[in-house]
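Every read-out reported here was derived from the displayed coordinates using simple, explicitly stated rules and does not represent laboratory data. In this text, all values refer to a predicted model and were calculated from it rather than measured experimentally. Cβ placement follows ideal geometry from the backbone for every residue including glycine, while neighbour counts extend to all protein chains displayed.
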Amino acid sequence: MCTVVIRVPASADQPTRVLAIRDEDPARPWNPLGRWWPEPHAGIVGVRDVRAGGAWLAAEPETGRLAVLLNRADVSTRPESELVSRGGIVLESVAGRSPVGEPATHGFNLVEVAGPRARVLTWNGSALRAVDLAPGTHMIAHDDVDDPTTPRIARWLGEFRAAEPIDGERWWMPWVAVLQRSAELGSTDDRAIIRDNRPHGYPTLSLLACVASVSPHDIDVHYGELAEPGHWGAGLELA
C-alpha cells in the first residue's frame, strides 16, 4: 500500500518531481538506494528487494527514466506457481521495456517517468491499462490515479498540489512538510500516508521514502528511512 506523489511539468525543459513512500514487511530485507545489479542493469540505481532481486524503485540516469511499483489488488486466477516477482518489471521498465499483454504477476500500479513525461500502467490480473499523466500534481496508491475513494488521496492530494516544490537542492521540503502534517493522524487511520497496515490485514508498514528530480538526461534521487517503521518520529532525513 505504497504512496507516490508526482508533479508533471507543463514545459519539457522542467523536471518531473517524484515522492515515493514504501510500505513493506519490515522482516523482508532490502538494500538501500544504490547500484546493486550486474549487466544488463549495471547502470541502474535503485532500492533492491534482497529476496527476489528486483527493485521497488529504480532509475537510469543516462536515459532519464525512473519507475516505481505499487501493489494493487487483482482478480487473477493463475496459480502462484505461474507468477513471478513484480520487482523485475521495474528494472525492465527503466531499460525501456514496459510490460505488455498479460504480465505473469500479481496486480500493480507501475509509475513510469521519462524526462518530462509520465504515465501509470495498471494491471489487475485481467486488463493492462496505461494512464498518461497531465501536467500538474498527482497521487497514486493501490487503486486509480487521483482516486477520490482512496482516503489518503482524498485528504492530502489538495495539500500536495498547494505545496509547490521550491527552487534549490532541497526542492522537496514543502512535500515533506505535508508528510509531517499527515503523520499527526494515527498510522492506522485510513487517511494516513505514513502507515501501519497490519490492522487492515497486511504485514506492511511505511519504511522509507525516495525523492527524485527527473530530466531527459539526468536523475537526482535521494533516500531516507524512518527510524521506526510506520511512525514519523524524528522525521525523514533524505540524503
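Summary table below
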| quantity | calculated |
| --- | --- |
| Integer Hz, Karplus 6.51/-1.76/1.60 couplings in order for segment 180-192, x for Gly and Pro | 5, 5, 5, 6, 5, 6, x, 5, 9, 5, 4, 8, 6 |
| In Hz, Karplus ³J(HN,Hα) per residue of segment 160-167 (6.51, -1.76, 1.60; θ = phi - 60°; x = Gly, Pro) | 5, 5, 6, 8, 5, x, 9, 6 |
| The chain: most fluctuating residue of Val75, Val214, Val94 per GNM, C-alpha cutoff 10 Å | Val75 |
| Estimated [θ] at 222 nm from DSSP helical runs (n ≥ 4, -39500 (n - 2.57)) normalised by residues in the chain, nearest 500 | -3500 deg cm²/dmol |
| Paramagnetic reach from Ala239 (point 7 Å along Cα→Cβ, amide N under 15 Å) across segment 194-220 | 209 |
| Added length on full extension, which subtracts the Cα-Cα distance from 0.36 nm per residue, Ser11 to Ala52 | 11.0 nm |
| Extension reserve of the Ala134-Asp147 stretch, reckoned as 0.36 nm per residue once the Cα distance is removed | 3.2 nm |
| Along principal axes, Cα extents of segment 53-123, largest first, whole Å | 38, 22, 18 |
| Distant-in-sequence amide H partners of Thr188 (H built 1.01 Å from N, under 5 Å) | Asp196 |
| From the C-alpha gyration tensor of the chain, square roots of 5λ in Å | 23, 22, 18 |
| Arg35 paired with Asp220, simple spin-label distance in nm, labels 7 Å along Cα-to-beta-carbon | 2.0 |
| Calculated from backbone phi, Karplus (6.51, -1.76, 1.60) coupling profile of segment 91-96 in Hz, x at Gly/Pro | 5, 5, 4, 6, 8, x |
| Percentage, to the nearest whole number, of Cα pairs in segment 73-199 over 18 Å apart | 63 |
| Cβ-derived FRET efficiency at R0 30 Å, His200 paired with Gln180, nearest 0.05 | 0.85 |
